[in-house]
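K.L.:
Before anything else, here's the structure in question.
The values are calculated or read from the model by the stated rules, or taken from the named source; none is laboratory data. Remember, it's a predicted structure, so these values are computed and weren't measured experimentally. Please note: Cβ atoms are built from the backbone with ideal geometry, for glycine as well, and neighbour counts cover all protein chains shown.
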Amino acid sequence: MKLTSYWLDTSEPFRSGSDRPLGGQCDVVVVGGGLTGSSAALTLAKKGASVVQLEASTIGSAASGRNGGMCNNGFAQNYADLSARLGRDKANALYKAFDAGVSLVENIVKEEDIDCSFARYGKLKIAAKPEHYDVLARTQELLAANVDPETRMISRQDLRNEVGTDRYYGGLLFSKSAGMHVGRFVRGLATAAAKRGAQIYEQSPVMGIRRVQGGHQVQTPTGTIVARQVLLATGISHVGPLGWIRRRIVPIGAFLIATEPLSPQDVARLMPTGRMVVDTRNLVVYWRLTPDNRLLFGGRARFAVSNPQSDEKSGRILKAAMVDVFPELANTRIDYCWGGMVDATRDRLPRAGQRDGIYYSMGYSGHGTHMATLMGSIMADVMDGKEELNPWRDFDWPAIPGHFGPPWFLPILGAYYRMKDAFR
């Protein structure tokens, strides 16, 4: 069993980094080599801007290359609750932004010829308890009436036609959702940006940013550059002068396993439609097929940080959860086990804007594959003065009380969610 991301292990490393010494001046420095940063770099380069992208490690090595590879439209939150809090028009606009993110990924894949197995299989949100089905049904009724008529309910009787398990009680189908090989996508995105002229530097952590005449001076161990504008696309990075952001984002471990390739018979029986699947528990589990027919199974196995020991322990928990859903996989080999850190905000909605002249976009809270891609592109326009395009422009972002960096409260939060799953 490899303790590494399946997506990163089965995609070609990024090989288009700049061989120029880092220095001088540019129009924009993009900090971060994930989906947000690479999408922004591509869009800015296509506009004719001189772009330098700085990545502390390697392209896609953090959350962008360690997730489920799902482009799932819709909210993590209940649509009715979000509509009540924000207003129906605002909730609908945000919902459509997630739709637009899926479409943008699809368009980029076609335009840049990125071989990442993108396909709109649809997402199925399945009820872990009978009462959860009733909540999903009320949600679907509101969605169909207000913003997404392409959703529909799947009864428990019909669920076997979608997923080969009797563990659940029906579900809500989001037909516009998609899946892809996210490792090939994020590395392909950065390669496309480099082809358009973006100068990309791996192993270049940003250690300091300060205002100077003409913009901002950005310091790395290998050189210093002055940029007219800076975009932070850093997620939960622990490197550099990001204290203001760290007080507003909670890094939560997300863990995944991937089986050996399944036989065609197992695929037809267990995953006949190839959907992206997520359940309704607070300690959520989700699964999908990979392009080579492995079952990828992930979730919040533990409220802990990701490291090799934590990943392996979480992998054992996920294997047991997978067997609970699919008992016939009890003897199936697990080939990959890995973890990543989700950049979660307090309300699980992204944040993007400008502070002290520096732009930022992050906080996707586990739903960032397509939203990160969309926001990278949008922030390139925002930096051109089109602030009205930012769907998160009116959201305040207060610090989380008692949170100054390391998430000391995660075990307490995990115990709370386990209790909620047991009694609700």
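K.L.:
Would you mind stating whether residue 307 is modelled with pLDDT under 95 and closer than 28 Å to residue 77 by Cβ?
P.N.:
Answer is no for this residue.
K.L.:
Another question about this same structure. For residues that are in a helix (DSSP H, G or I) and of a type in the set (Gly, Ala, Ser), scanning just the range 136-184, find the one that is farthest from residue 82 (Cα to Cα).
P.N.:
Here the answer is 183.
K.L.:
Give 83, 39 a once-over and let me know the one that is assigned to a helix (DSSP H, G or I) and either among the hydrophobic types (A, V, I, L, M, F, W, C) or buried (at least 24 other Cβ atoms within 10 Å of the Cβ) (or both).
P.N.:
39
K.L.:
I need a count of the residues in the range 232-254 that are in contact with a Ser or Thr (Cβ under 7 Å, 6 or more places away or on another chain) and at pLDDT 95 or above.
P.N.:
Count: 1.
K.L.:
Mind telling me which of the residues 186, 218, 212, 239 ends up being buried (at least 20 other Cβ atoms within 10 Å of the Cβ) and either over 26 Å from residue 109 (Cα atoms) or among the aromatic types (Phe, Trp, Tyr) (or both)?
P.N.:
Numbers: 186 fails: either over 26 Å from residue 109 (Cα atoms) or among the aromatic types (Phe, Trp, Tyr) (or both); 212 fails: buried (at least 20 other Cβ atoms within 10 Å of the Cβ); 239 fails: buried (at least 20 other Cβ atoms within 10 Å of the Cβ).
None of the others qualify; the one that does is 218.
K.L.:
What number of residues within the range 255-282 satisfy the criterion of being out of contact with any helix residue (DSSP H, G or I) (no Cβ under 8 Å at 6 or more places or on another chain) and part of a strand (DSSP E or B)?
P.N.:
Residues meeting the conditions: 4.
K.L.:
Mind checking which residues of the range 218-229 are over 11 Å from residue 28 (Cα atoms) and at pLDDT 95 or above? Walk me through it before giving the result.
P.N.:
From the range 218-229, those over 11 Å from residue 28 (Cα atoms) are 219-224; that's our starting set.
Scanning the range 218-229 gives 219, 220, 221, 223, 224.
K.L.:
Report yes if residue 150 is over 20 Å from the mean Cα position of the chain (by Cα), closer than 24 Å to residue 42 by Cα and either surrounded by fewer than 21 Cβ atoms within 10 Å (Cβ to Cβ) or at pLDDT below 95 (or both), otherwise no.
P.N.:
Values: over 20 Å from the mean Cα position of the chain (by Cα): yes; closer than 24 Å to residue 42 by Cα: no; either surrounded by fewer than 21 Cβ atoms within 10 Å (Cβ to Cβ) or at pLDDT below 95 (or both): yes.
In short, no.
K.L.:
Further, regarding this structure: Before we move on, is residue 63 under 24 Å from the mean Cα position of the chain (by Cα) and at pLDDT 95 or above? Before you say what the answer is, go through the steps one by one.
P.N.:
Values: under 24 Å from the mean Cα position of the chain (by Cα): yes; at pLDDT 95 or above: no.
Against the criterion (under 24 Å from the mean Cα position of the chain (by Cα) and at pLDDT 95 or above), residue 63 does not qualify.
K.L.:
So, restricting to strands (runs of 3 or more DSSP E) that lie completely within the range 311-424, which ones have at least 2 residues that are at pLDDT 95 or above and surrounded by fewer than 19 Cβ atoms within 10 Å (Cβ to Cβ)?
P.N.:
Fully inside the range 311-424 and qualifying: 351-355.
K.L.:
Just the residues that are closer than 19 Å to residue 32 by Cβ and assigned to a helix (DSSP H, G or I), please, taken from the range 185-219.
P.N.:
185, 186, 187, 188, 189, 190, 191, 192, 193, 194 - these are the residues of the range 185-219 that are closer than 19 Å to residue 32 by Cβ and assigned to a helix (DSSP H, G or I).
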